[in-house]
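Trainee: Okay, here's the structure, questions in a sec.
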Amino acid sequence: MNITKKIKILLQEAELYHDQGLLNEAMEKYNNVTKLIRSNEQLKGKQNLIKGISKKILALKNDIIKIEMAPKKPEVSAKIQDLIKKMVSFSPDKNEDLKALDGAIALAKFGQLKRAISEFNELIKKDSLRIVSAKNILRCHMALSSLDEAVAQYEQWISDDRFSTIQLDKLHVFLENTLKKEGIEIKLPRRKAPKEDTGVIRVKGPEIEDDDTLDINSIGIIVYSGPQKGQVVEFKVRFQLGNVVSLLISIRDKESIDIFKVGDMIYDIQYYSAAAIFKASGLITSVKKIKIGPLRGDYCVDIKIVLN
């Protein structure tokens, strides 16, 4: 790989990480590309490249400082902690597979849905990422308003030997609940499970898997200013990775965009899932304007769930 192409790839990765709120990873990429540029004596326009990267690093440092200075609140409610323990313990240490997952989700969040589906289909080949990748494929179809495609994809997976019956049970619950949130009541088919294939925990109606995080459908935020002052405004969750949920805010909804500032902590957010409704805080880790694609001009907002 020639140096120009390698620099371009590193910069693209850094932008993806920054856009998704993975600030330390983004800083690592910017530092690596700066060292690469400095080490090559034959590269043209070195100073201009380094100057441009320095501006990006400065903006990144400002975001990191805002988040580090955000107020923190102590954890309470053991019941809520148990309920979302997988979400709050989501590991920041990422191997190459998880970095690839981050990249695919970043593509999806910023409107590159068809390419994201292609990336998730590659990740489905890995058993450890199969469920999260499959869920995000279904989310992509829903974001494209292709409800039939989402159902057809699930039905195709029923006969796919890569998916265990337990994994399909999880996807069945996820898709039915997601469709129900859209006002669509549908009875999805299931694969018949062998007697020894068990593992789904059933609790008072909706199902929760003991090895999975809660899927957040939407959040409710109390507005303290403007014409909606005192009201709870509900926002649909577009994508989710562990304890970080992503919202899509239309450029036309300027008042809602103004609610979200990087580094701010929003308290008493209502989190809605099929399994439970609970209150927690949310740290705004990223607010990015989408610059390309069908969602150009809209904003993607990332919120990290923080226990009250």
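Trainee: Provide Rg and Dmax in Å for the range 216-306, with only Cα atoms included in the calculation.
Mentor: Gyration radius and largest Cα-Cα distance of the range 216-306: 12.7, 36 Å.
Trainee: Quick one: pull the percentage of alpha-carbon pairs in the range 3-68 with a separation above 20 Å.
Mentor: Values: 519 of 2145 pairs.
Cα-Cα pairs of the range 3-68 separated by over 20 Å account for 24 percent.
Trainee: Taking N as the number of residues in the range 95-208, what is its alpha-carbon radius of gyration divided by 2.2 N^0.38 Å? Mind dumping the intermediate values first?
Mentor: Details: Rg = 14.2 Å, N = 114, 2.2 N^0.38 = 13.3 Å.
Relative to the rule-of-thumb radius for its length, the range 95-208 sits at 1.07.
Trainee: Follow-up question, since we're still on this one. Going by how many other beta carbons lie within 10 Å of each one, how would you line up 225, 286, 146, fewest first?
Mentor: Numbers: 225 10, 286 23, 146 14.
Ranking 225, 286, 146 by Cβ neighbours within 10 Å, fewest first, gives 225, 146, 286.
Trainee: In what sequence do 122, 15 fall when counting other Cβ within 10 Å, fewest first? It would help to have the intermediate numbers written out before the result.
Mentor: Details: 122 12, 15 17.
Taking fewest neighbouring Cβ atoms as first place, the list is 122, 15.
Trainee: Give the order of 63, 161 when sorted by the count of other beta carbons within 10 angstrom, beginning with the fewest. Could the numbers behind the result be given before it?
Mentor: Working: 63 19, 161 5.
Listing 63, 161 from fewest to most nearby Cβ atoms yields 161, 63.
Trainee: What dipole magnitude, in Debye to the nearest 20, does the range 95-208 give about its Cα centre under +1 on Lys/Arg Cβ and -1 on Asp/Glu Cβ? Walk me through the intermediate numbers first.
Mentor: Working: 20 positive and 18 negative charges, 52 e Å.
The dipole magnitude comes to about 240 debye.
Coordinate-derived values only; no laboratory data. Values in this document were obtained by computation on a predicted structure and should not be read as measured data. Glycine also receives a Cβ, built like all others from the backbone with ideal geometry; neighbour counts cover every protein chain displayed.
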